[in-house]
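The values are calculated or read from the model by the stated rules, or taken from the named source; none is laboratory data. Here the structure is a predicted model, which means the values were calculated and not measured. All Cβ positions, glycine included, derive from the backbone under ideal geometry; neighbour counts span all protein chains shown. Accessible surface is based on the protein model in full, side chains and every heavy atom, while ligands, DNA and RNA are left aside. Shrake-Rupley method; radii C 1.70, N 1.55, O 1.52, S 1.80 Å.
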Amino acid sequence: MASGRESGGLDNLAFDISEQVNDQPREKMDRTFGSSCVAEDDGNKPTYCVTDIPPWYLCIFLAIQHYLTAFGGIISIPLILSEGLCLQHDSLTQSRLINTIFFVSGLCTLLQVTFGVRLPILQGGTFAVLTPAMAMLSMPEWKCPAWTQNASLVNTSSPVFIEVWQTRMRTLQGSIMVASLLQILIGFSGIIGFLMRFIGPLTIAPTVSLIGLSLYDSAGAKTGSHWGISAMTTVLIILFSQYLRFIPIPVPAYSKTKKLHTSKFYIFQIMPILLGIVVSWLVCYLLTIYGVLPSDPVQYGYLARTDVKGNVVSEASWFTFPYPGQWGMPTVSLAGVFGFMAGIICSMAESVGDYHACARLSGAPPPPKHAISRGIGVEGLGSLLAGAFGTGNGTTSFSENVAALGITKVGSRTVILLSGVFMILMGILGKIGAIFTTIPTPVIGGMFLIMFGVITAAGISNLQSTDMNSSRNIFVFGFSMFTALVIPNWIMKNPNFLETGVTEVDQVLHILLTTHMFVGGFLGFFLDNTIPGTKYERGLLSSDKVHLEDSSNTLGAEEVYDLPFGITSCLSSKSWVRYIPFCSWKGNKSQSKAENASISQSLGE
């Protein structure tokens, strides 16, 4: 469990503080709430910091909210993948794939928050790996037989049919497991930490921003299934998170000093996404049972019904236990390995940007090199586990949940740990997990409008530490962003342009050049490190100063990013630890303090 302050009862920052302030001297209040990120005059600070532990009941609601936020992205991966696996008419196997990916996502989340980067960042499936998977399954030798497309000809218990889809799944598994070794090597060897000295705000900003901008098509497709329901969901989340966030709801409370009394609970600030989803979900349910929404699948608005996927609930078993090799012994495809490596490169670029965005939104100091190395390495282990368990996918940091931190202003990693536990349980309890498949598509689309917009803004916010009056910086950012939108769009419309005669090379080039975040991040990285510019102009010194000022009011890097259970304390004094890139030692901390002092002195001059 994460270390930090545990708030007991209702006397915490989700509830009214003013009544406590009036009863206590200012100095005493500062001691009581000193570890929190919240200041009275700063509404943008997180309500709970990384190491803070909200009350158990708040943790449960907030963990469910993160689970629902990631639900749409996670569940869509096995549903899309099932088409390439010839499973369109086997809903029971689709349900098992859904359980498996949730189980692995929960397991990887626990590993990442406990031993990885240690930020409140949720792990889940990645579309960067889904793209090469579908590309591999679309190759002539892997195309589904014609009879699998006909529901009347498919016998899901037939050994022939089982062998058809399991052969494809085993090839995906082995290829992903081999490709994940690249990410493990780059992470734990410290190569990613070495590269961080060259990665500044002008690299991170386009990478993170394009994560949100590139998802507009997915959000539009889901939103367009019923614009009214999607608009209602969006309006509700905006209303709760922006207009009503400072309006409290009186709830009964008990304390030793005041006994039974009422306290003000800021529910709209803490759970706006969950409230928006639940209210819209309830409206869709009422419209479904009263026959307002059309029952014909071809009519507009059908996907807003809550009974569209009702068969999944009835066919899912109560208990299912995913395990490695459940589909058989994995095999390897060379073309698949190259494709997945390209996807993993994009995933790593996305994750590094997510780490910085998550640290900024949760009130934590910028992640040091050893934490980033561990984070990328653990994500590689997660992809290895995802391949072994047979999700047909890898794992990465979920940008949607990073955006949720900015909206809810709850950056506690305890909440994410609990969310990981919930995902493991949902992966085991098949029917309970299947219930959430009834969330209508337009409700998910309305939520995506908020999530992806906040991700885009979080990326652009990295530019605040750069000198944007500089024509150099304007050029680097503008060119990176615009080109990253133009090149992928053109290649998607002209897929036959990239033909070198070598299938693996064609696939790698196609995947890299059609991934917005890779194109933008690469251009930003290359231009920022080759065009002459001072460190202050590039935002390197300025960002250090901003983070130093923020850290003085919140938490130290040692407290946030050190390994748990006293591991860092035991190892930090050992001289040989300096040679382990993913571990911190006291020499690094002393050197970091000296560098911070040098930065402060140079900025002061």
Heavy atoms only, probe 1.4 angstrom, no DNA, RNA or ligands counted: give me 497, 198, 389, 422 ranked by accessible area, highest first.
-> 497, 198, 422, 389
With N residues in region 251-320, Rg(alpha-carbon) / (2.2 N^0.38 Å) equals 1.79
A convex hull over the alpha carbons of region 167-274 yields, per residue, a volume in Å³ of 291 Å³
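What ranking, highest mean first, results for peptides 78-84, 501-507 when packing means the other Cβ atoms within 10 Å averaged over each residue?
In descending order of packing, they fall as 78-84, 501-507.
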With no solvent and one equal point scatterer per Cα, compute the Debye intensity ratio I(q)/I(0) for region 86-244 at 0.13, 0.15, 0.20 Å⁻¹ and report its log10, rounded to two decimals.
-> -1.01, -1.21, -1.42
Accessible area, 1.4 Å probe, largest first: how do 418, 97 sort?
-> 418, 97
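Given a 1.4 angstrom probe, what's the average accessible area per residue across region 186-285, in square angstrom?
Working: 4630 Å² over 100 residues.
With all protein chains present, region 186-285 gives 46 Å² per residue.
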Would you mind getting me the FRET efficiency between residue 474 and residue 221? Use the beta-carbon distance for r and R0 = 35 Å, nearest 0.05.
-> 0.55
Would you mind giving the three semi-axes, in whole Å and largest first, of the ellipsoid equivalent to region 221-286 according to its Cα gyration tensor?
-> 33, 12, 7
Evaluate the charge dipole of region 178-282 about its Cα centre and quote only its size in Debye, nearest 20, assuming +1 on the Cβ of each Lys and Arg and -1 on the Cβ of each Asp and Glu.
-> 640 debye
Accessible area expressed per residue, region 291-380, with surrounding protein chains retained (probe 1.4 Å, Å²) | 40 Å²
Computed over region 133-176, the convex hull of the Cα set has an average projected area, in nm², of 3.3 nm²
Per the Cα gyration tensor, region 411-471 corresponds to an equivalent ellipsoid with semi-axes, largest first in Å, of 36, 18, 7
Quick calc: nm separation of the 7 Å Cα→Cβ label points for residue 492 and residue 61 -> 3.8 nm
Considering Cα pairs under 8 angstrom that are at least six residues apart, work out the relative contact order of region 242-301 and quote it in whole percent.
-> 24 percent
Using every Cα-Cα pair within region 43-126, state what percent have a distance larger than 17 Å.
-> 58 percent
